[in-house]
Amino acid sequence: MYEFLIDIFGNQILAFFVAAALPLFLFILPYALFAVLAERKVSAHMQDRLGPMRTGYHGIFQTVADILKLIQKEDIIADSIDKRLFNFAPYLVFMGSFAAFAVIPFSSFFMGSSIDIGLFYFLAISSLVVAGILMGGWSSNNKYSLLGSMRSVSQIISYEIPTAIVVLTMVMLTSSLNLDTITNQQTAFFWNWNILGGASTGIAKFLLIPLMIGAFIIIFISTLAEVNRTPFDIPEAESELVAGFFTEYSGMKFAMFFLAEYANMLAVSFLISVLFFGGYHSPIGYIGNSIGVDWLIPIEQIFWFASKGLTLVIVQMWLRWTLPRLRVDQLMTLCWKYLIPYSIAILLLVGLITLI
């Protein structure tokens, strides 16, 4: 991809900036606008109502109107807050969320960087979000914001443990931290996906299937908690903390927290797709291969990758409008008494099976 842009522009620096901006403007920002509207429609239909209907056909321009409104709103900053940290926090959360996409392979042709430590980079850079949330809550000089940020940090740090253990399990199975390599190990048809035992053969493949399904359930629940989605949305519980760590924010800074949350949902969905569902590879083969049109294959790969990621995002929305919010003690019990022990057991069993 990078070499292709250099050939077009004839300048390495310009090609670098275009390559960095393409995922943001072509895919992630349009996705965020679509996801906000989709969430409103999903929640509306689950509650037997229509949702936004007045702006455009069936309200399809409602999110665009909301963004235009937020851009024009006054940026309110109270006198008693720590202005430098307060202003920097939304940018840090935004950067942490979008930088995670740099190592995600969208297709064999289009990926930011195919580095050998992609999984480690993903977990490390997404941790910036925790620092930004704590910074925003503490600098707001508001008890609700501080309580929300403290809840968020304790929740995210706790649920990072089962996430990291499942990731370690997948590293043990695939012997790689490179997301593109992990994707290519699951090529051909869907029975080579890691959720179905990967490329293993014989008895090992059948032994791995229940363990992989368990690992997928654990990482899905853990990442749901890490992006503060219901039933794990206690950091911004409206009935208890107004809006949690971003109570004092308004205008575009509020919108940046909002967009970062939706970007995080997509990033973790893409990560799960790569680890368990073959990444950008088709489950049934490529039309491009069948008719001998090679340029069609990367387009098909982007379609399959987006389909897998967006399906998991829709499931996250569905759960939000189905399940009640957990209490703090229930949230910690689920993590420390169930997810962590089960993830460690899966890690040990996968280690034994890979020795067969």
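The values are calculated or read from the model by the stated rules, or taken from the named source; none is laboratory data. All values derive from a computational prediction rather than experimental measurement. With ideal geometry, Cβ positions are generated from the backbone for all residues, glycine too; neighbour counts draw on all protein chains shown. The accessibility values were calculated without ligands, DNA or RNA, using every heavy atom of the protein model including side chains. Shrake-Rupley method; radii C 1.70, N 1.55, O 1.52, S 1.80 Å.
Miscellaneous remarks
- Solvent-accessible surface (1.4 angstrom probe) belonging to His45, in square angstrom, nearest 10: 120
- Solvent-accessible area, 1.4 Å probe, carbon plus sulfur percent, for the chain: 71
- Couplings 3J(HN,Hα) for region 240-251, derived from phi with the Karplus relation 6.51 cos²θ - 1.76 cosθ + 1.60 (θ = phi - 60°), are 10, 10, 6, 10, x, 5, 10, 4, 8, 8, 9, x Hz, where x marks Gly and Pro.
- For region 46-81 versus region 112-126, the gap between their alpha-carbon centres in whole angstrom: 34
- Ala124 versus Phe190: modelled label distance in nm, points set 7 Å from Cα along the beta carbon direction: 3.6
- Shape class of region 35-129 from the alpha-carbon gyration tensor: oblate, with a/c at 1.5 or above and b/c at least as large as a/b.
- Cα-based convex hull, region 96-216, per residue volume (Å³, whole number): 108
- Gyration tensor verdict on region 196-277 (Cα atoms; rounded if a/c is under 1.5, prolate if a/b is larger than b/c, oblate otherwise): oblate
- Within the chain: Cβ-based charge dipole about Cα centre, in debye rounded to nearest 20 (Lys, Arg +1; Asp, Glu -1): 660
- In this structure the chain gives 48 Å² per residue of accessible area when probed at 1.4 Å with all protein chains present.
- Restricting region 18-98 to trypsin sites (Lys or Arg not before Pro) that sit in a DSSP loop and have at most 16 other Cβ atoms within 10 Å of their own Cβ leaves Arg49, Arg54, Lys73.
- Tensor-based shape of region 215-356 (alpha-carbon gyration tensor, a/c under 1.5 rounded, otherwise prolate or oblate): oblate
- Within the chain, the longest run free of chymotrypsin sites (Phe, Trp or Tyr not before Pro) that sit in a DSSP loop with at most 16 other Cβ atoms within 10 Å is 190-294.
- If you sort Thr247, Thr322 by accessible surface, 1.4 Å probe, largest first, the order is Thr322, Thr247.
- For region 43-52, 3J(HN,Hα) per residue [Karplus equation, 6.51 cos²θ - 1.76 cosθ + 1.60, θ = phi - 60°, Hz, x = Gly/Pro]: 5, 5, 5, 5, 9, 6, 9, 9, x, x
- The trypsin sites (Lys or Arg not before Pro) of region 292-337 that DSSP puts in a loop, and whose beta carbon has at most 14 other beta carbons within 10 Å, are Arg327.
- With kT/(6 pi eta Rh) evaluated at 20 °C and eta = 1.002 mPa s, and Rh the Kirkwood radius from Cα pairs, region 283-336 diffuses with a coefficient of 149 µm²/s according to Stokes-Einstein.
- Above-threshold pairs, the threshold being 29 Å between Cα atoms, out of Lys83/Lys337; Lys41/Lys69; Lys205/Lys308; Lys69/Lys308: Lys83/Lys337; Lys69/Lys308
- At an R0 of 30 angstrom, the distance between the Cβ atoms of Asp82 and Asn11 translates into a FRET efficiency of 0.15.
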